[in-house]
Amino acid sequence: MNKSAPGRSSSGHLTVSVVVITYNGARHIVDQIESIIGQTRAPDEIIISDDASNDDTVERARSTLGSWHGRSQLRTARRNAGVSANLQGGLAVATGDVIMLADQDDIWLPQRVERQTSVIEKDPSVAAVFCDADLVDADGHAVGARLWEREGFSAKQRRIWAHDPATVLLGGQVVTGATLAFRRELLDIVLPLPANGWHDSWIALMTVFSGGEMIAVPEPLLSYRLHGDNAAGVPPPTWRSKLGAALWPGGGDLAQLSEAVERLERGAVGGASGDVEPLVDRLKRVRDFYVSRRRLDPRLWRRAPRIARWWFQGEYSCCRSGFRSAAADLAVAGIRSRHESDVAPER
């Protein structure tokens, strides 16, 4: 299915492509597509990129799109390749000035396209926009929480983001891909997507550290569905999730930070704006600190003095919760170093 490609709309507004990534999402895909079609400002193009589903996701998507008069594409993979590869395939065929990402199981509020696109249209310096979301269960019932709350994107973090988003991103992930809208020019910077980590953290990282402006819109513009089949869940605030946040970054996140440093240092990102060298130096320093954390000696008497020295030198200031991260390193770094082989312990 491939109707004529959009250019700039007749009103002079930016055109919008929505990329929906799917895999065995038959249960919720109709609701998601209908919520995209029913926007107060209709997108110009809807792309379904399916990762070789073995249920009737594709058939339901095709049927739902059949009644829509905009441009649509339905891309199906021959074999399952994973979330990042599936998304990359969808991005490769998107034609809009603005690209919005969608999961297969969420429900967009009617004003999402209008609200996020207007932020980009009003200010040429804005490269990307993300928003908050209401959390709902598998049946679409509200669970009484917001996405940003669960992600630790607190009011304090949002105030920091307003003038220094790099600090927030260097402390952990706060941007969820399903809430993203960005200018297509960013594809020159973020593609190809890396093999490690999640695409949403990568897009945010490369946008900010290549000098792009990324706006956080506090409105919940979609219902984010929580269920057992989420590719990337949103954990409740338990001691395990807090410990995971304190020990951030994990192996995939650290590999992503390193790849970002490598690409930015060799100038392999087309369209980077302004002088990004200070940002890249900052990213590299923090990456090196995180590497050192993961190389901590498993023996308490060896790692404790180093953790204390880092604390008094202010190294933990890059972590979202410096004290908690230092305490976590003191308590469990030895356990983690024995079980994770991506970075060897220091001698």
Next on the checklist: Condition check: touching a helix residue (DSSP H, G or I) at 6+ places or on another chain (Cβ under 8 Å) and either surrounded by fewer than 19 Cβ atoms within 10 Å (Cβ to Cβ) or of a type outside the set (Phe, Trp, Tyr) (or both). Does Ala155 satisfy that?
Outcome noted: no
Checklist entry - Of Ile33, Ile37, which residue is of a type outside the set (Phe, Trp, Tyr), touching a residue at least 12 places away in the same chain (Cβ under 8 Å), closer than 23 Å to Leu221 by Cβ and buried (at least 20 other Cβ atoms within 10 Å of the Cβ)? => result Ile33
Next on the checklist: Could you check region 127-147 and list, in sequence order, the residues that are out of contact with any Lys or Arg (no Cβ under 8 Å at 6 or more places or on another chain) and of a type in the set (A, V, I, L, M, F, W, C)?
Outcome noted: Val129, Phe130, Ala142, Val143, Ala145, Leu147
Checklist entry - Can you tell me which residue in region 90-111 is nearest to Glu185 (Cα to Cα), limited to those that are within 17 Å of the chain's Cα centre (by Cα) and not hydrophobic (A, V, I, L, M, F, W, C)? => result Gly90
Next on the checklist: Of all residues being farther than 20 Å from Gly250 by Cα and not hydrophobic (A, V, I, L, M, F, W, C) in region 307-328, which is nearest to the chain's Cα centre (by Cα)? Just the residue, please.
Outcome noted: Gly314
Next on the checklist: With out of contact with any helix residue (DSSP H, G or I) (no Cβ under 6 Å at 6 or more places or on another chain), within 18 Å of His199 (Cα to Cα) and touching a residue at least 12 places away in the same chain (Cβ under 8 Å) as the only criterion, which of Ala138, Ala178 stands out?
Outcome noted: Ala178
Checklist entry - Quick one: is Val143 of a type in the set (A, V, I, L, M, F, W, C) and farther than 19 Å from Ser201 by Cα? => result yes
Item to check | Cβ pairs under 7 Å, 6+ apart, first in region 313-334 and at pLDDT 85 or above, second part of a helix (DSSP H, G or I) and among the β-branched types (Val, Ile, Thr) | outcome: Cys318/Val286; Ala326/Ile307; Asp329/Ile307; Leu330/Ile307
Item to check | Residue ID - surrounded by the fewest Cβ atoms within 10 Å (Cβ to Cβ), chosen from residues in region 48-67 that are out of contact with any Leu (no Cβ under 8 Å at 6 or more places or on another chain) and within 13 Å of Val20 (Cα to Cα) | outcome: Thr57
Item to check | Candidate set: region 45-77, residues that are in a loop (DSSP other than H, G, I, E, B) and acidic (Asp, Glu); chosen: the one nearest to Leu193 (Cα to Cα) | outcome: Asp51
Item to check | Inter-residue pairs, beta-carbon under 6 Å, first touching a residue at least 12 places away in the same chain (Cβ under 8 Å) and under 16 Å from Thr57 (Cα atoms) and in region 100-111, second of a type in the set (Val, Ile, Thr) and not in a strand (DSSP E or B), 6+ apart | outcome: Gln104/Ile29
Checklist entry - In this structure, is Ile33 modelled with pLDDT of 95 or more and closer than 21 Å to Ser118 by Cα? => result no
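The values are calculated or read from the model by the stated rules, or taken from the named source; none is laboratory data. It should be emphasised that the depicted structure is a prediction, and the values quoted were computed from it without experimental measurement. Note: ideal-geometry Cβ built from the backbone for every residue, glycine included; neighbour counts use all protein chains shown.
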